[in-house]
1. Kirkwood Rh over alpha-carbon pairs of the chain, then Stokes-Einstein at 20 °C and 1.002 mPa s: what D in µm² s⁻¹, rounded to an integer?
2. Calculate the tail of P(r) for region 113-198: the fraction of all Cα-Cα distances greater than 20 Å, expressed in %.
3. Which of Gly216, Leu436, His506 sits closest to the plus end of the dipole of the chain, meaning its Cα is farthest towards the positive end, when Lys and Arg get +1 and Asp and Glu get -1 on the C-beta?
4. Calculate one ³J(HN,Hα) per residue across region 43-52 by plugging θ = phi - 60° into the Karplus curve 6.51 cos²θ - 1.76 cosθ + 1.60, and present them in order as whole Hz with x for glycine and proline.
5. Packing-wise, with mean Cβ within 10 Å as the measure, how do 137-143, 107-113, 156-162, 302-308 rank, highest first?
6. Report the net charge of residues surrounding Lys189, where surrounding means a beta-carbon distance below 15 angstrom and charges are Lys +1, Arg +1, Asp -1, Glu -1.
7. Keeping to pairs on different chains or 8 or more places apart, tell me how many lysine pairs in region 13-107 have Cα atoms under 24 Å apart.
8. Extension gain Ser372-Val460, at 0.36 nm per residue separation less the Cα-Cα distance, in nm?
Amino acid sequence: MAFAKDKPDFKQYKRIHQKALNLIRTGKAVAAVEFLALAEAKLPRDAETQYMLAVAQCTLGQAGAAEASVAKALKLGLPVGRIIGGSHNGLDAIRKRPLIQRLLEQHGKTPVHGPMIGNLSGNSATVWLRTATPAIVQVEANTLPPMPGGKVSAVVQTRREHDFVAKVVLNGLKPKTQYAYTVTIDGQKNQGAGQQFTTFNKSGEAGKFRLAFGGGAGFVPQHEHVWNTIAATRPDALFQLGDNAYIDNTNVMDMHHYCYYRRQSRPEYRSLVAGLGVFSIWDDHDFGTNDCFGGPEIESPSWKRPVYEIFRDNWVNPGYGGGDKQPGIWWDTYINDVHFICIDGRYYRTDPKKTKGELSMLGPAQKRWLLSTIKKSRGTFKVLISPVPWVFKAKGDSRDTWNGFKKERNEIFTFLTENKIEGVVLMSADRHRSDLWKIDRPGDYALYEFNSSRLTNQHVHKTMEAAIFSYNAKQSFGTVDFDTTAADPTATYRIHTIDGEQVFQHTVKRNELN
């Protein structure tokens with residue numbers, strides 16, 4: 001065979017087809033076909049292998065074989081959206097052939113990915129989805145039950161340059177109100193079952209809500225039911241805190257598209273995100289490679305901006321750093337009177353192992369924004385969210401967490417003390433387990449850190465005795481119930497397994513954070 005080194009790693013399913021795509025996109029499509037033959041021999045009924053084989057065959061000019069591989073992938077259960085969706089799916093060479101033309105005729109006016117609710121607030125929501133071709137997308141939402149003046153709609157045009165993504169902003173919604181919504185694509189109405197969402201209170205008003213959160217969501221088909229388990233806890237929001245898709249490639253931008261398409265097509269994920277507010281940040285595996293650092297420059301390395309643009313097309317956040325002039329994935333938002341302040345720990349991170357110069361995870365622009373945002377916050381709780389643990393003890397001596405940037409982290413904590421910032425709790429991901437930490441601070445209140453990052457991952461990190469609680473026996477996620485209507489507002493953190501078992505609960509009261 002042409003590739004003695006390139007053999008599928010069957011212990012990590014998510015990597016098999018990523019390896020094949022990397023071969024295809026680096027001029028080794030013949031080797032990819034041979035590589036996929038090994039995968040097919042081990043996994044004879046794997047739809048993903050047939051899809052990737054079709055991509056390789058398209059690259060090699062084997063249109064008839066590629067069409068046959070697509071037909072086999074569909075027969076094995078690959079969602080139609082994987083074939084007709086996205087401008088980077090690798091199948092353009094057979095797009096005009098009979099099979100795909102028939103699929104487009106039958107499914108071309110339905111969302112191929114999504115819908116997903118993003119940037120949900122008390123008076124607005126954004127509906128994200130992807131169409132198969134350039135299309136006019138209308139979203140209409142109405143109160144449940146319908147009431148006079150309750151209907152809101154908006155229209156956008158999807159375009160190839162943004163991967164046929166629609167971000168339809170619905171303004172003028174009523175707070176604390178349930179809405180049903182429909183999506184119309186080029187005149188065809190799509191009445192999805194259960195397409196509903198509920199707005200939050202007005203920004204700054206007290207209320208109750210539940211968020212689910214976690215990271216570490218590599219694509220593992222047998223663990224994708226975690227999204228159903230999360231849905232069963234009935235959260236109002238989902239915070240995906242990095243390593244949302246294990247991409248790990250800074251040379252082949254199609255890898256980023258591929259990993260998003262693969263997750264966005266899963267029915268369990270689509271069902272969950274169609275009905276609650278989704279918020280996201282990234283970490284190393286969806287920004288660059290393991291334990292990576294982007295460095296202080298905006299345009300160097302050259303892959304940083306393309307990765308940022310792809311991320312921005314695939315999520316709907318309240319903001320994106322300083323915009324195109326100062327790209328990044330930092331942002332803040334209020335849910336009721338709880339203030340969420342999220343940082344980007346990768347784009348401007350300096351090499352944590354260097355011995356000269358100032359180390360920074362944030363970069364100067366983001367640090368100024370962070371401290372200013374904290375100081376101006378009026379949140380009953382102020383939730384500082386990092387893709388990596390704030391506590392120094394979470395990963396031994398590794399410098400990949402804030403352990404590698406002690407001075408900068410301590411500067412942030414000192415700022416809290418000097419400015420008498422009350423009500424702060426911490427959230428993070430990265431470690432393949434779920435933890436509760438308590439960070440003591442001399443002369444000030446302790447900071448509680450809720451950490452969870454093994455939504456689907458097979459790879460697990462050991463539990464930590466220094467934590468208040470540390471769990472890694474199964475895939476897991478966290479929920480946090482905020483109740484700021486109580487005389488002493490509370491934040492209750494729970495850890496749930498992929499199978500729906502609650503294994504831990506701890507309540508932090510607001511008067512502990514003064």
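1. Working: Rh = 23.7 Å.
Translational diffusion coefficient: 90 µm²/s.
2. Values: 1032 of 3655 pairs.
So the portion of pairs separated by more than 20 Å is 28 percent.
3. Gly216
4. Once rounded to whole Hz, the list reads 10, x, 10, 9, 5, 4, 5, 5, 4, 5.
5. Numbers: 137-143: 20.1, 107-113: 21.9, 156-162: 13.7, 302-308: 17.0.
In descending order of packing, they fall as 107-113, 137-143, 302-308, 156-162.
6. Numbers: positive: Lys109, Lys151; negative: Glu140, Asp186.
So the surrounding residues net to 0.
7. 14
8. On the way: separation 88, 0.36 × 88 = 31.68 nm, distance 3.67 nm.
My answer for the length gained is 28.0 nm.
FYI, it's all coordinate maths here, none of it is from the lab. Remember, predicted model here, so these are calculated numbers, not experimental data. Ideal geometry is used to build each Cβ from the backbone, glycine not excepted, and the neighbour counts take in all protein chains shown.
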